[in-house]
Amino acid sequence: MEHLINLVTSRDFLIAVLAAVSVAAVVFTLGAQFLVRSDMKQRIKRVALERERLRAEEMSRLRGPQDVRGSVRREDLSRDYMKRIVERFSLQKAFADENTMDKLARAGYRGQGPLTTYLFMRFVTPIILCFVGLVYLIWLMPGERPIYLNIVYAVGVGVVGSYLPVLLLRNKTQKRQSSIRRAWPDCLDLMLLCVEAGMSVEHAFKRVAKELTQESPALSEELTLTTAELSFLEDRIRAYENLGRRTGLDGVKSVMTALIQADRYGTSVGQALRVMAEEGREQRMMEAEKKAASLPPKLTVPLILFFLPVLMIVIISPAIIKVMATNFHMG
């Protein structure tokens with residue numbers, strides 16, 4: 001015991017621990033930067049692809065219906081086998097409804113390719129999990145269970161696994177909406193500054209999307225798509241409605257409604273943004289106060305389990321060490 005205490009309190013040991021913590025922090029910081037950059041490149045690539053798709057659809061609509069038939073997306077060629085399975089088993093009728101595209105858009109997946117992948121995964125996931133369950137129950141963990149019971153268990157695992165793509169999509173949507181919700185008040189303030197400085201709404205969206213790239217890549221991506229839609233769509237109202245629909249947040253929808261009314265009735269856009277920015281700041285302050293009020297009850301259990309034992313050890317350890325040292329010298 002005394003040897004362990006001397007080892008823990010020794011100078012060399014503390015220097016080694018601090019050095020290890022410092023190296024881990026540096027490695028984590030550098031690795032996080034590389035991950036953010038790679039994710040940023042993927043998001044920028046998706047924005048560029050979505051912009052090209054909008055441009056192609058608008059040009060094909062202006063040229064006539066002949067170009068629509070010849071527009072074949074290159075990204076869909078790699079999913080031919082998924083398309084064949086989806087069309088053969090009519091998976092779109094079984095797993096998709098009118099809100100499926102909106103759910104995928106809220107998670108950051110747009111176009112027919114992600115829809116095909118989602119339907120394919122909902123069809124394949126329970127089959128794979130059922131097969132894995134059979135292999136595990138029959139060959140790896142045979143036991144004394146009858147064969148029909150193993151089949152029932154495997155089918156149950158497959159049924160539960162059929163909701164795995166839905167849960168993953170919901171988790172992705174919640175993370176994306178949380179990122180947009182945190183950065184939305186700052187977005188309104190920046191848009192208000194841009195509009196009051198004399199910029200148009202399109203340039204304000206473009207400038208704010210550039211400024212929010214680091215804070216919220218999801219919101220920056222949505223604003224960039226809205227800028228593209230404002231440039232290519234005939235109806236600006238449709239672009240505003242698409243932004244509210246893609247995010248699925250009430251705060252974004254209310255701001256888009258205010259912009260639609262300002263554009264329809266010719267009222268001041270700056271005044272509408274000022275009112276909505278004040279409401280956004282007040283709502284963020286209310287959420288912060290709510291989290292602060294709920295913090296003491298949440299800290300009760302960690303305080304009892306972790307802080308108090310450590311505090312008692314810190315208080316009692318010097319006395320125990322002194323008593324043990326005294327007994328050692330007396331002995």
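Tabulated data
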{"read-out": "D (Stokes-Einstein, µm²/s), Kirkwood Cα radius, region 76-162, 1.306 mPa s at 10 °C", "value": "109"}
{"read-out": "Summed side-chain charge close to Lys298 - residues other than Lys298 whose Cβ falls under 13 Å, Lys, Arg +1, Asp, Glu -1", "value": "+2"}
{"read-out": "³J(HN,Hα) computed for each position of region 251-267 - Karplus, 6.51 cos²θ - 1.76 cosθ + 1.60, integer Hz, glycine/proline x", "value": "x, 5, 5, 5, 5, 5, 5, 5, 5, 5, 5, 5, 6, 6, 9, x, 7"}
{"read-out": "In sequence order, calculated HN-Hα J values of region 91-101 (Karplus, 6.51, -1.76, 1.60; Hz; x Gly/Pro)", "value": "6, 5, 6, 7, 10, 10, 9, 6, 9, 5, 5"}
{"read-out": "Region 190-203 - phi-based ³J(HN,Hα) in whole Hz, Karplus 6.51/-1.76/1.60, Gly and Pro as x", "value": "5, 5, 5, 5, 5, 5, 5, 7, x, 6, 6, 5, 4, 5"}
{"read-out": "Kirkwood-Stokes translational diffusion coefficient of region 173-308, alpha-carbon pairs, 25 °C, 0.890 mPa s, µm²/s", "value": "152"}
{"read-out": "Mean separation of Cα contacts under 8 Å (6+ apart) over length of region 76-162, as relative contact order %", "value": "30"}
{"read-out": "Listed residue (Gly156, Ile138, Phe123) projecting farthest to the positive dipole end of region 76-162, Cβ model", "value": "Phe123"}
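We did not get these values from a lab; they are worked out from the coordinates using the rules stated. Keep in mind the model is a prediction, meaning the values are calculated, not measured. All Cβ positions, glycine included, derive from the backbone under ideal geometry; neighbour counts span all protein chains shown.
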